[in-house]
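What follows is calculated from the coordinates using simple rules that are stated; it is not laboratory data. Values in this document were obtained by computation on a predicted structure and should not be read as measured data. Cβ placement follows ideal geometry from the backbone for every residue including glycine, while neighbour counts extend to all protein chains displayed.
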Amino acid sequence: MTPNPEAYPLSTVEINRVALLTNPKAGKGGASKAAEIARHTLTKTDVDVVGISGSSAEASKRLAEEMIADPDIDALVVCGGDGLINLALQAHANSGTPMGIIPAGTGNDTARALGIPLDPRRAALTVIRGFTTTCDLGQLTDAEGNQRYFMTIACAGFDSLVSDRANTLVWPHGKARYNLAMAVEFSKFHSIPTRITLDDSTVIDDDVTLCAIGNTSTYGGGMRVCPHADHHDGLFDITVIHRINRRKAARNVSRFFTGEFEGFPEATIHRAHSVEIHMPGINVYADGDFMFPSPVTATVATAAGRIIVPRP
Ligand SMILES: Nc1ncnc2c1ncn2[C@@H]1O[C@H](COP(=O)(O)OP(=O)(O)OP(=O)(O)O)[C@@H](O)[C@H]1O
């Protein structure tokens, strides 16, 4: 969908000085190389680059806050995966400071959603051109009132059990760790008694395998779990996979990757500006990272993001 320019303003900013925040751990260590290519491309066109990298996730978050507060920085450019973008979003949301992205993670679902080139040189050229779009973000609130923004998809259920499991494994690394966690959790595949409340008062009280709240359409490196989600419409697309037989889930796993599960009686898709999930004992993840234990409320933060993207 083409965004309505009044609700989602477009603009071009002059890029003279950027902060380049790199997560050295992203993309199995490949982010440092991507950052070097981006820095070279930026400096070649006389863009002044302030290179920063935290010693931990928390330190990176603080650096992002400092750079966004600095009036001499034209854009905060993040070089890493969706997790690093999520860290930076906490300072970026509603700040008006443009965010550039050099994709260097394993999944890069934010970059895919925004049409940002996955090649670091081309992504840096996009930053130099300074064309920005505003876009929706998701905002999660837990039972204690703690809040976190997200860009792509917040999920609870089978996928968050797989992430919990992957986080307990010290071996293997990368995608293999995730695949092993998936195999372990699949052997214990079950649905969870859940209550989902939408802002139009619809209540879904059912055994649920998975609930994905999409600001954008994919997670896990292109899995189209919320196939029609649009970050320019002020609404989430919420995919609920109700109780499903393990054999049927295994037979159709490729359809969950391609988004071709519509028409399955076990799958329903809803649209809402705000949604509350109660899934007892289950953690909620977003942008690939742990956010909060359930219950959480997710609300669309309309046009709260301002991202540098290729000119359409
Ligand atoms: N120094 C650091 N700076 C930023 N993040 C860090 C740092 N050390 C560890 N992390 C953690 O690494 C997590 C994953 O990083 P990131 O998403 O950038 O890479 P990835 O996991 O390879 O990519 P993807 O999320 O696309 O799979 C972040 O969410 C963050 O919590």
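Miscellaneous remarks
- Label point distance in nm, I52-D207, each placed 7 Å from Cα along Cα→Cβ: 5.0 nm
- The dipole here belongs to the chain: it is taken about the Cα centre, uses +1 on the Cβ of Lys and Arg and -1 on the Cβ of Asp and Glu, and is about 1340 debye.
- Whole-Hz couplings from phi, Karplus 6.51/-1.76/1.60, listed for the stretch 60-75; x for Gly and Pro: 5, 5, 5, 4, 4, 4, 4, 5, 5, 7, 7, x, 7, 9, 7, 7
- Taking θ as phi - 60° and the Karplus parameters 6.51, -1.76 and 1.60, the scalar couplings of the stretch 245-251 work out to 5, 4, 5, 5, 4, 5, 5 Hz in sequence order, x denoting glycine and proline.
- Extending 7 Å from the Cα toward the beta-carbon at both R255 and A166 defines two label points whose distance is 2.4 nm.
- With the simple model of a label 7 Å out from the Cα in the direction of the Cβ, D142 to I128 spans 4.3 nm.
- Relative contact order (%) - criterion: Cα under 8 Å, at least six apart; region: the chain: 21 percent
- Compared with the dominant Cα axis of the chain, that is its longest principal axis, helix 174-187 is turned about 10°.
- A straight chain from V13 to T43 at 0.36 nm per residue would run longer than the Cα-Cα distance by 9.1 nm.
- The stretch 10-135 shape via C-alpha gyration tensor axes, a/c threshold 1.5: rounded
- For the chain, the mean residue ellipticity at 222 nm estimated from helices alone is -8500 deg cm²/dmol, where every DSSP H run of n ≥ 4 contributes -39500 (n - 2.57) and the total is divided by all residues, rounded to the nearest 500.
- Computed log₁₀ I(q)/I(0) - Debye formula, equal Cα scatterers, no solvent, the stretch 141-302, q 0.17 Å⁻¹: -1.01
- Contour excess over end-to-end distance, with Cα ends at D119 and H190 and 0.36 nm allotted per residue: 21.6 nm
- Between D70 and R247, the contour length at 0.36 nm per residue exceeds the alpha carbon distance by 58.3 nm.
- Footprinting exposure proxy for M182, M67, M151 (fewest neighbouring C-beta atoms within 10 Å first): M182, M67, M151
- Phi-derived couplings, Karplus 6.51 cos²θ - 1.76 cosθ + 1.60 at θ = phi - 60°, listed residue by residue for the stretch 39-52: 4, 4, 5, 5, 5, 4, 9, 6, 7, 7, 10, 9, x, 9 Hz, with x used for Gly and Pro.
- Rounded if a/c under 1.5, otherwise prolate or oblate - the chain, Cα gyration tensor axes: prolate
- Prolate/oblate/rounded call for the stretch 224-280, Cα gyration tensor, a/c under 1.5 rounded: oblate
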